[in-house]
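To keep things clear, I will list the structure first and then write my remarks on it.
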Amino acid sequence: MSKIKAFLSISLLTFNVQASIKDKQCDFLWGTASSAYQVEGGWNVGGKGPSNWDYFTHQGITQKIVGGEPQNGDVATNQISREVYLKDIGLMKELGANSYRFSISWARVLPDGKTVNKEGIKYYKQLIADLKAAGIKPVITIYHWDMPLNLYQAGGWHNPNSVAWYKDYAKVVIDNFGKDAPYFITFNEPEGEIFTLNPLVAYLINKTPSPYEKALSVESRAQQAIAMHHLLLANAEAVNYYHHSGLKGEIGIALNLSPCVDPENSNSLAAKTCNSLHNKWALDALYKGGYPIDIETIYKNNSSDFDPTAEDMRKIKSGKPDFIGVNYYAPTLVKDDASKPFGIGDRPNPDKDPSYNGPVRPEYLQSLLKDLSKNYSGPDIIITENGAGYGVNDEKSESGIILDPMRAGYIEKHVDAVMKAKKDGVNIKGYLYWSLLDNFEWLWGYQNKFGLIGVDFKSPELNRIPKSSYYRYQAIIKDYKKNACNAN
Ligand code: PNW
């Protein structure tokens, strides 16, 4: 080859490599996340059936936590209205987002858990089309804590048939929307839902077990481990179905991951146990085909019914996700305390202005991402949730916007931590902030606010009011695009 030809082909090659690196960088997902029950409303319209969460909130359980009127998701942010959500999509576009994570309401798609509701399918088809028209990629969570009420009443995840119920539902979702979305998420925070939220809800409704702490006891968790096992088997069904369907996208799972640390004792047994209990339980099962042995032994000793077979564990591992969705808010600060379940004592949040979801420590997000990469063979990772919930402390209205400097600072520090981990070689494909709007925050009702945009829940139109964090996040995205892919 002549010198000039060689030079040309080498520089063409470098150009192509560089261009494809730039393309990859530009593919980075920037966006926000939400879930159906928290934003949709329309709880009994469009052929939707009642869900477990309609039932929970109509029992008035949120009142017992927040005081005052019981709150619910009957209307929420009213995104069931196309007119309303189109404006929200406009705000996403203005933010510079290229992706949006939302969930499908199982009871809207299969009101009785069996029969397909065409109107429900149509609603999501239209939402997906509207997002795509705005240049926003849908990231679809199949299950974010709400299920048809009849399935919940038949035992929910405790019923072994839940594996088949979910499989049938996931098929409907994948068959209908599979081609339209590049990313699917089987489950949102199964550990948080199964081991903490559901026992708390059951306690609030039935007042058993009493006292309230028993809902989170070793015995309760050992029972819940059976439900979690069914859920992980259901996960494998959906992942395998997706992989066999020939679709080009990816399917993952969103896990609540909160590194357990004892700031005063780096050898703390409580921190180690807490990590197996909360962080490694699902990850080890999915990636290594076995539950962490320390906690598995405790569960087996406390429940004769919890006895996972080797066959089941193989099946769970066959549902290894294509990416890990990381929902990170804060680390869990612990100390050794033999009088507490699992020997794990709490440490209070030492922050001056505490956020709802724990102490603000971005460095633990960075170390978590590096640890995941090291311990689970460098998986693809999407930050599927990260956010700061502050109350009125961080909300001052000023000339048409809400000033929320604490939230804005939180986002900046956490994006920075993500970028550092990315630079260190962790395969991070996106960052989705929780959440675009203030919305229905489960047991805490509307008091706990996470939105980049406030919602005036008293106004008939549920007016949207951007906060300063919205503009900060917008600047962060713009800056990234400018540096990483020469966009303006
Ligand atoms: C996540 N905590 O849940 C959920 O996936 C969202 O639906 C929720 O709105 C969001 O985080 C904000 O809270 C959590 O108390 C709920 O530590 C509570 C906690 C963590 C996560």
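The values are calculated or read from the model by the stated rules, or taken from the named source; none is laboratory data. Quick caveat, the model's predicted, so the values are computed rather than measured. Using ideal geometry, Cβ is built from the backbone for each residue, glycine included, and neighbour counts are taken over all protein chains shown. Quick note on the areas: whole protein, heavy atoms, side chains included, nothing else; ligands and nucleic acids left out. Shrake-Rupley method; radii C 1.70, N 1.55, O 1.52, S 1.80 Å.
Among the candidates Trp434, Trp442, the residue that is within 16 Å of the ligand (Cβ to nearest atom), under 22 Å from the mean Cα position of the chain (by Cα), open to solvent by less than 50 Å² (accessible area, probe 1.4 Å) and on the phi > 0 side of the Ramachandran plot is uniquely Trp442. Of the residues making up region 347-379, those that are crowded, with 17+ Cβ neighbours inside 10 Å and polar (S, T, N, Q) number 4.
Can you say whether Lys423 is more than 16 Å from the ligand (Cβ to nearest atom) and over 15 Å from the mean Cα position of the chain (by Cα), as far as the supplied structure shows? Yes. Residue count for region 280-307 under the criterion of being farther than 17 Å from Ser220 by Cα, in contact with an Asp or Glu (Cβ under 8 Å, 6 or more places away or on another chain) and surrounded by 16 or more Cβ atoms within 10 Å (Cβ to Cβ): the result is 3. For the residues Ala254, Ala215, Ala238, the requirement of being within 16 Å of the ligand (Cβ to nearest atom), touching a strand residue (DSSP E or B) at 6+ places or on another chain (Cβ under 8 Å) and either in a strand (DSSP E or B) or not charged (D, E, K, R) (or both) singles out Ala254.
Set side by side, the residues Lys22, Lys3 differ, and just one is touching a helix residue (DSSP H, G or I) at 6+ places or on another chain (Cβ under 9 Å) and either modelled with pLDDT of 95 or more or surrounded by fewer than 16 Cβ atoms within 10 Å (Cβ to Cβ) (or both), which is Lys22. Within the option set Asp404, Asp416, Asp394, being without any contact (Cβ under 8 Å) to a residue 60 or more places away in the chain, open to solvent by less than 10 Å² (accessible area, probe 1.4 Å) and either within 16 Å of the ligand (Cβ to nearest atom) or closer than 14 Å to Val360 by Cα (or both) holds for one residue only, Asp394. Restricted to region 178-201, and to residues there that are more than 13 Å from the ligand (Cβ to nearest atom) and of a type in the set (Gly, Ala, Ser), the residue that is farthest from Ile140 (Cα to Cα) is Gly178. Of all the listed residues (Lys429, Lys449), the sole one being open to solvent by 10 Å² or more (accessible area, probe 1.4 Å) and within 16 Å of the ligand (Cβ to nearest atom) is Lys449.
Checking Glu69, Glu119 one by one, the residue that is open to solvent by 10 Å² or more (accessible area, probe 1.4 Å), within 24 Å of Ile453 (Cα to Cα) and out of contact with any Phe, Trp or Tyr (no Cβ under 9 Å at 6 or more places or on another chain) is Glu69 and no other. Cβ separations smaller than 8 Å between residues 6+ apart or across chains give the following pairs from region 304-326 residues that are touching a residue at least 40 places away in the same chain (Cβ under 8 Å) to residues that are among the aliphatic types (A, V, I, L, M) and in a loop (DSSP other than H, G, I, E, B): Val326/Leu257. Looking across region 37-64 at every residue that is part of a helix (DSSP H, G or I) and of a type in the set (A, V, I, L, M), the one that is nearest to the chain's Cα centre (by Cα) is identified as Val39. Residues in region 140-185 that are among the charged types (D, E, K, R) and open to solvent by less than 10 Å² (accessible area, probe 1.4 Å): Asp146 only. Assessment of region 453-474 against the conditions (within 16 Å of the ligand (Cβ to nearest atom), in a helix (DSSP H, G or I), open to solvent by 50 Å² or more (accessible area, probe 1.4 Å) and closer than 22 Å to Gln79 by Cβ) yields no matching residue. When Asn188 is tested against the conditions (1) within 25 Å of Asn44 (Cα to Cα); (2) open to solvent by 20 Å² or more (accessible area, probe 1.4 Å); (3) in contact with a His (Cβ under 8 Å, 6 or more places away or on another chain), the lone failure is (2). Annotation note: Cβ proximity below 6 Å between a residue of region 198-214 that is free of Cβ contacts under 8 Å to residues at least 60 places away in the same chain and over 17 Å from Ser51 (Cα atoms) and a residue that is open to solvent by 30 Å² or more (accessible area, probe 1.4 Å) and assigned to a loop (DSSP other than H, G, I, E, B) (sequence gap 6+ or interchain) occurs for no pair.
A Cβ distance below 8 Å, combined with a sequence gap of six or more or placement on separate chains, defines the contacts here; from region 347-364, residues that are modelled with pLDDT of 95 or more reach residues that are open to solvent by 60 Å² or more (accessible area, probe 1.4 Å) and not polar (S, T, N, Q) in the pairs Arg347/Pro263; Arg347/Lys335; Pro359/Pro350; Val360/Lys413; Pro362/Lys413; Pro362/Asp416.
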